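Engineer: One structure is given below, represented as structure tokens, and several questions about it will come after.
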Amino acid sequence: MDDSESPNPMHTLRALIVNDCRVEQAILVGTLRALGVESLVANNAEEAQEIIYEGAVVDLIIMDKDMPVMDDVIHATRRLRAMGVTAKILGIITFYTREAVLDFLYAGADDVVLKPVRIKKLISIIEEINNGI
Amino acid sequence: MASVNYKEQLAALVDSMLREGFLDEQFTQLQELQDETSPGFVEEVIAMFCGDTGTVFNEIETVMNQAVIDFQNVDPLVHRLKGSCCTVGAPKMKLACVQYRQFRDANDRQGCLSAVNLIKDEYNILRNKFETMLNLERMIQAGGTNKPNGK
């Protein structure tokens, strides 16, 4: 499944937020909207995989590692890459451990940040996506 | 004139919360997200945060009321609190959650108990200030503007 093609070069970017906390969901959705990015929301890793499997095309996936079944998130990241998903994957963690960062990166995330996700970080990721990096 | 006064009061309240460390730049970024297309964004986020935090504290209390406290059951709850409070921009509450984690790593049960109480105390102070903030916002909006910081 190739999700990197756009219908036109000026298409609106789309993100998939994978997070079970509605406060964090609301803030990420609001922040991305302010940056011109539409968002889909999944409450867990399984829902996220279903959304992608059913054909949703996204440019960015923001994956919270700290959901009830933590290993599912790493496993889901790995599976999404195996499915051919080329969207940027940003992993977010609540408490920093080297292991948490490496788990995410080895699974295929492009970057991992500690909460909260800053607007500057989202802006730089969006710029990378727009520049095809 | 009344709404100008409320705007000043709101700005002063937010300033003092920033100065005293109850809020940080993450919160000011949230305020910047509020506009004509999402006029109640800050209020919505605060209400959600307070609602969810209250629910988590109820769950923490259930665990803490056990004869023998199993902190493994408290861990994911504090984890959740840390995630939401730092996303809202509440550094004092976040720090209390970090302290809990440090006590857990050190296997210090008494420290963990103190840290949980500190998280609750910080949240209660924050919640009271948020209530004042939202009351001022509502009075400002009743006067015909939806900008939270007097813009």
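Engineer: Quick one: A:ALA76 ticks every box in (1) closer than 26 Å to B:PHE27 by Cα; (2) in contact with a strand residue (DSSP E or B) (Cβ under 8 Å, 6 or more places away or on another chain); (3) among the small types (Gly, Ala, Ser); (4) away from chain B (no Cβ under 14 Å) except a single one, so which number is it?
Structural biologist: Against the list (1) closer than 26 Å to B:PHE27 by Cα; (2) in contact with a strand residue (DSSP E or B) (Cβ under 8 Å, 6 or more places away or on another chain); (3) among the small types (Gly, Ala, Ser); (4) away from chain B (no Cβ under 14 Å), A:ALA76 comes up short only on (1).
Engineer: When both residues are 6+ apart or on different chains and their Cβ atoms are under 7 Å apart, which pairs have a first residue that lies in segment B:83-94 and is more than 7 Å from every other protein chain (Cβ to nearest Cβ), and a second that is among the hydroxyl-bearing types (Ser, Thr, Tyr) and assigned to a helix (DSSP H, G or I)?
Structural biologist: Between residues of segment B:83-94 that are more than 7 Å from every other protein chain (Cβ to nearest Cβ) and residues that are among the hydroxyl-bearing types (Ser, Thr, Tyr) and assigned to a helix (DSSP H, G or I), the close pairs are B:MET93/B:TYR123.
Engineer: Tell me yes or no: at least one residue of segment B:134-149 is more than 20 Å from the chain's Cα centre (by Cα), exposed (fewer than 13 other Cβ atoms within 10 Å of the Cβ) and not basic (Lys, Arg).
Structural biologist: Yes, that holds for at least one residue.
Engineer: Run B:PHE71 past the list (1) hydrophobic (A, V, I, L, M, F, W, C); (2) under 19 Å from the mean Cα position of the chain (by Cα); (3) more than 25 Å from B:GLN31 (Cα to Cα) and report the number of the one that doesn't hold.
Structural biologist: B:PHE71 satisfies every listed condition except (2).
Engineer: Only one of these is surrounded by fewer than 22 Cβ atoms within 10 Å (Cβ to Cβ), touching a helix residue (DSSP H, G or I) at 6+ places or on another chain (Cβ under 7 Å) and not β-branched (Val, Ile, Thr): A:GLY91, A:GLY84, A:GLY55, A:GLY108. Name it.
Structural biologist: Within the list A:GLY91, A:GLY84, A:GLY55, A:GLY108, the selection yields A:GLY108.
Engineer: Looking at this structure, is A:GLU99 free of Cβ contacts under 8 Å to residues at least 40 places away in the same chain, of a type in the set (D, E, K, R) and surrounded by fewer than 17 Cβ atoms within 10 Å (Cβ to Cβ)?
Structural biologist: Taking the combined requirement at face value, the residue satisfies it.
Engineer: Could you tell me whether B:GLY54 is crowded, with 24+ Cβ neighbours inside 10 Å, without any contact (Cβ under 8 Å) to a residue 12 or more places away in the chain, assigned to a helix (DSSP H, G or I) and under 13 Å from the mean Cα position of the chain (by Cα)?
Structural biologist: No.
Engineer: Assess whether B:THR62 counts as being within 15 Å of the chain's Cα centre (by Cα) and in a helix (DSSP H, G or I).
Structural biologist: On the way: within 15 Å of the chain's Cα centre (by Cα): no; in a helix (DSSP H, G or I): yes.
No, not satisfied.
Engineer: Which of the residues that make up segment B:9-66 are within 14 Å of chain A (Cβ to nearest Cβ) and of a type in the set (A, V, I, L, M)?
Structural biologist: B:LEU23, B:LEU30, B:LEU33, B:VAL42, B:VAL45, B:ILE46, B:ALA47, B:MET48, B:VAL56, listed by residue number.
Values quoted throughout were computed directly from the atomic coordinates according to the rules given, and no laboratory measurement underlies them. All values reported here derive from a predicted model rather than from experimental measurement. Cβ sites come from the backbone with ideal geometry, for glycine too, and all protein chains shown count toward neighbours.
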